[in-house]
Each structure stands twice: as structure tokens, then as C-alpha cells.
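Okay, so here's the structure we're looking at.
The values are calculated or read from the model by the stated rules, or taken from the named source; none is laboratory data. All values derive from a computational prediction rather than experimental measurement. Every residue, glycine among them, receives a Cβ derived from its backbone with ideal geometry; neighbour counts consider all protein chains shown. Just the protein is used for accessible areas: all its heavy atoms, side chains included, with ligands, DNA and RNA removed. Shrake-Rupley method; radii C 1.70, N 1.55, O 1.52, S 1.80 Å.
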Amino acid sequence: MKKKRVIIIVCSIVVLLSLSTVLISYIYAGVLNPVSTLWGMMKVTLFECDYEEIQSSPKVIIANPDFELDTYMQSQPYKSEFCDITDLQDQIIYTYNVGEGQELIELVEHEHFVIWKWR
């Protein structure tokens, strides 16, 4: 009986920790995968990479705060040109003209990294 109770408690703790990491990842980065979020944060902060894509659809990138979004957009294979900045409550949204369409990118600043979220 005691062994069964211990297994239930341990499984409950593991489930709660897993759900909390998913929730924290979603709150900070807008991504449900905490492993990719943690890996991106480590690459940018510890390994000093310029940026790391942590989700492809919709695209979410964690970047070094010194690395500019405009530099990233110019390095893409498609032609993109800066169009506008919209400053809302706690949100900065960049608009880029890409071919015949537009891409809206939300910038979220943190102390050691920046998150770019495509809309």
C-alpha cells in the first residue's frame, strides 16, 4: 500500500512540474515546448549565438539583445524592407514589407534576450 501511494505522489509531482514548465514557456515565449525554449535561451545567453528559432509556425525566435531584427530580416532569402513600428501597451510591433505581403513581428524584451514573434 505504501509503495503505491509513493508512486502516485511521485507521478503527481512529475506531472505538475511538466505542466508548470509548459505554462512558463508559454507565458514568456508563447511556445508550448519548454525544451526548445530552454535550448534557445541557453544558446543565446550562454553560447552567445545571435539568434535561435524555437518555433516555426508561427515563427518565434529568441535573439541576443544586441542583434537587430532588421539585420535578421535583411539576411532572409526574400526581399524585406522595414515599413513601420507600432508601440502598444508593453508591445512593440514591427511591420516589414515582404514581396507583395506584410509581416508583423512583435518584439518582447527581457533582460538577457529578446523574443521576436511573427503574427
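Taking segment 69-107 on its own, how many of its residues are open to solvent by 30 Å² or more (accessible area, probe 1.4 Å) and of a type in the set (A, V, I, L, M, F, W, C)? Let's see the steps before the verdict.
Looking only at segment 69-107, we keep the residues that are open to solvent by 30 Å² or more (accessible area, probe 1.4 Å), and these are 70-71, 74-79, 81-92, 94, 97, 99-104.
So of that shortlist, the ones also of a type in the set (A, V, I, L, M, F, W, C) come out as 82-83, 85, 88, 92, 104.
Qualifying residue count, segment 69-107: 6.
Can you find even one residue in segment 65-72 that is more than 19 Å from ALA29 (Cα to Cα), part of a strand (DSSP E or B) and of a type outside the set (Asp, Glu)?
Filtering segment 65-72 down to residues more than 19 Å from ALA29 (Cα to Cα) leaves 70-71.
Narrowing further to those that are part of a strand (DSSP E or B): none.
No: zero hits.
Which members of segment 29-48 meet the condition of being in a helix (DSSP H, G or I) and either among the aliphatic types (A, V, I, L, M) or closer than 13 Å to HIS112 by Cα (or both)?
ALA29, VAL35, LEU38, GLY40, MET41, MET42, LYS43, VAL44, THR45
Go over the candidates THR71, THR45 one by one and state the one that is among the β-branched types (Val, Ile, Thr) and either farther than 20 Å from THR21 by Cα or at pLDDT below 85 (or both).
Values: THR45 fails: either farther than 20 Å from THR21 by Cα or at pLDDT below 85 (or both).
It is THR71.
Is it true that some residue in segment 4-24 is open to solvent by 50 Å² or more (accessible area, probe 1.4 Å), part of a helix (DSSP H, G or I) and closer than 26 Å to GLU103 by Cβ?
No, segment 4-24 contains no residue that is open to solvent by 50 Å² or more (accessible area, probe 1.4 Å), part of a helix (DSSP H, G or I) and closer than 26 Å to GLU103 by Cβ.
Taking the stated definitions as given, is VAL114 more than 23 Å from ILE27 (Cα to Cα) and open to solvent by less than 40 Å² (accessible area, probe 1.4 Å)? Give the steps one after another, and end with the answer.
Working: more than 23 Å from ILE27 (Cα to Cα): no; open to solvent by less than 40 Å² (accessible area, probe 1.4 Å): yes.
Here the answer is no, as VAL114 does not meet what is asked.
For segment 29-41, check the following and say yes or no: at least one residue is touching a helix residue (DSSP H, G or I) at 6+ places or on another chain (Cβ under 7 Å) and open to solvent by 90 Å² or more (accessible area, probe 1.4 Å). Working first, answer last.
From segment 29-41, those touching a helix residue (DSSP H, G or I) at 6+ places or on another chain (Cβ under 7 Å) are 29, 31-34, 37; that's our starting set.
Remaining after also requiring open to solvent by 90 Å² or more (accessible area, probe 1.4 Å): 32.
Yes, some residue in segment 29-41 is touching a helix residue (DSSP H, G or I) at 6+ places or on another chain (Cβ under 7 Å) and open to solvent by 90 Å² or more (accessible area, probe 1.4 Å).
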